[in-house]
Amino acid sequence: MIPQKISPLRIITFITCLAAFVSLCLFVNAQMEKYNYFIYLYGDSTAPGSKALVKVLARDGELVFSPEIFVNGVKQPSQLIDLRPDLREIKVVFGKTEAVFPLKYSDIANSPFVPQKPAGISIQEAKNVRAPLDFDGRKIYLLPENFRAVSEFETTVGLYCTKDGKPCEDPSFFLNGERHELSGGFMKFSAVFGKDQGVDIAFENGESAFVPIPYSGKMFKFTKIGKSLALSSLSSVRTAHIDCFSQGKWAGTDVISVNYEGITLPEVYSKCDTVQASMNSASPGTMFAVYSKSDEIFGKINDPYYSSLAKTLPEFPEKARRFFVTSYNSAIFQPLSKIFSGEKLEHDFIAAKKSELALYRTILIISSVLGMIIFGYSMLKRIKVVVDEDGELISNSLAKQRAMVFGALAFYALFILGLLYFLNNLA
């Protein structure tokens, strides 16, 4: 039996159907791909060799907690990475989810870098703070160890007493009804403040008043335990950012879990001049705490509460001056600067996706039009007019058959247009 030769029309038809089917599948697959995770890098420089903190956010804004970071396929020990000129990819793995970001060093170096200014006492806080209380010429200043006192935590506070521009000469006074000694106009005490956040102070001459803490704190509290530093939080926080600064330079950040019982920070933090705790190193808001052991004031003492004390500070003992410097520095939070925004990669992803969809759409349209031509040609070729022996029409008339073919072609075209509309708006 001699095999029949396959006609060129059938071959063209098969290729056309295959191209339409493959382009349709590829189009749907590409259209369903979504950009679900964003990568952000934070630091204080984009120079090669600088450190960067990697943060990944889901599209709903939730921070990815404790992800595994791979740079060029090499796993990193933490969320800190080195900015290297050969950087070509960062992969993030968390649970069973994996997100790959084709991030090159040139993308970082070419991104606009605007260093953030330190965050200190807000304008609203400075506007609302009370002036130091005056006791017959004596002025009392309260300065918490971390500058801001959190009501629910026990807080060490430095008390400064001045009179006529010098430390008070009073040997003692009463604090919450108990006698305490003053040494050169200075003393330290510990207390758990209530919602009023202050203490009752009285002197030997009978003058007394309630002295409030000038600036209140929120959420976090640092505590020095021997050579180590501990951090506590009023409520459990899964993603507390702990920043280390040494000699004014950012040395690194850890993202940890912390609760009310507190956690002892790694020994490396005892070598930091300044340690910061917040919910977000780049945008701390008002919920942050700072621990400083620097011997130099970071900025000008120009807030309305402590500025007058600063003028008499040289007259106080060494321990009082040092306590003031370390505590006042705790008012300053240095936010990390954003050195790369994940929106750029999303824009690149969307542009590549549009280009890919345009290719598949073009192939689908071409194959659909070619299929319509083949269909119309085949149907018109098969049109026949059949009559019986008496010359009566058995089949439909030639005009009617042609109208049916053109109607089928119109329906075919509408179907293709509807399919393209559906594909373009596929979620």
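Just a few scattered comments:
- Part-to-part distance (alpha-carbon centres) for region 247-262 and region 188-245, which is given in Å: 19 Å
- Cross-link pairs beyond the 29 Å C-alpha cut-off, checked among K117/K354; K188/K271; K117/K293; K91/K354; K195/K249; K166/K300: K117/K354; K195/K249
- Protection-proxy order for peptides 105-117, 314-326, each taking the mean of Cβ atoms within 10 Å per residue, highest first: 314-326, 105-117
- Average accessible surface for region 28-80: 47 Å² per residue, computed with a 1.4 Å probe over protein heavy atoms with every protein chain in place.
- Cβ crowding within 10 Å averaged over residues, with 11-21, 245-255 ranked highest first: 245-255, 11-21
- Dipole magnitude for the chain: computed about the Cα centre from +1 point charges on Lys and Arg Cβ and -1 point charges on Asp and Glu Cβ, it is near 1580 debye.
- By the helix-only formula, in which each DSSP H run with n ≥ 4 contributes -39500 (n - 2.57) and the sum is divided by residues, the chain has a 222 nm mean residue ellipticity of -9500 deg cm²/dmol.
- Look at where the Cα atoms of region 315-384 and of region 26-40 average out, and the two centres are 9 Å apart.
- Inter-label distance, nm, simple model (7 Å from Cα along the C-beta direction), C17/I350: 4.0 nm
- Accessible surface of region 89-209, 1.4 Å probe, proportion on carbon and sulfur as whole %: 47 percent
- In a simple Cβ point-charge model (Lys, Arg +1; Asp, Glu -1; nothing else charged), region 240-378 has a dipole of about 300 debye relative to its Cα centre.
- Stokes-Einstein D in µm²/s, Kirkwood radius over Cα pairs - region 191-335 at 25 °C with 0.890 mPa s viscosity: 146 µm²/s
- Element breakdown for region 20-74 at a 1.4 angstrom probe: carbon and sulfur atoms account for 59% of the accessible area.
- Largest-first ordering by accessible area, 1.4 Å probe, given options M372, M404: M404, M372
- With protein chains left intact and a 1.4 Å probe, residues in region 241-315 average 50 Å² of accessible area per residue.
- Relative protection proxy for 140-153, 171-184, 51-64, from highest mean packing down: 140-153, 51-64, 171-184 (other beta-carbon atoms within 10 angstrom).
- Counting every C-alpha pair in region 126-277, the share spaced more than 28 angstrom apart comes to 32%.
- In range of the label at A209: residues from region 158-172 whose backbone nitrogen is under 16 Å from the point 7 Å along Cα→Cβ: 160-165, 168
- Pairwise label distance in nanometres, L63 with C25, each label 7 Å out on the Cα-Cβ vector: 4.3 nm
- Identified option (computed percent of Cα pairs over 30 Å apart; candidates (i) 38; (ii) 58; (iii) 62): (iii)
- Computed 3J(HN,Hα) for region 415-424, one whole-Hz value per residue from the Karplus formula 6.51 cos²θ - 1.76 cosθ + 1.60 where θ = phi - 60°, is 5, 5, 5, x, 5, 5, 4, 4, 5, 5, glycine and proline marked x.
- In a simple Cβ point-charge model (Lys, Arg +1; Asp, Glu -1; nothing else charged), region 37-196 has a dipole of about 460 debye relative to its Cα centre.
- Per-pair calculated FRET efficiency, R0 = 35 Å: F113 and I263 via Cβ, rounded to 0.05: 0.60
The values are calculated or read from the model by the stated rules, or taken from the named source; none is laboratory data. Quick caveat, the model's predicted, so the values are computed rather than measured. With ideal geometry, Cβ positions are generated from the backbone for all residues, glycine too; neighbour counts draw on all protein chains shown. When the accessible area is computed, the model is the full protein with side chains, heavy atoms only, and any ligands, DNA or RNA have been set aside. Shrake-Rupley method; radii C 1.70, N 1.55, O 1.52, S 1.80 Å.
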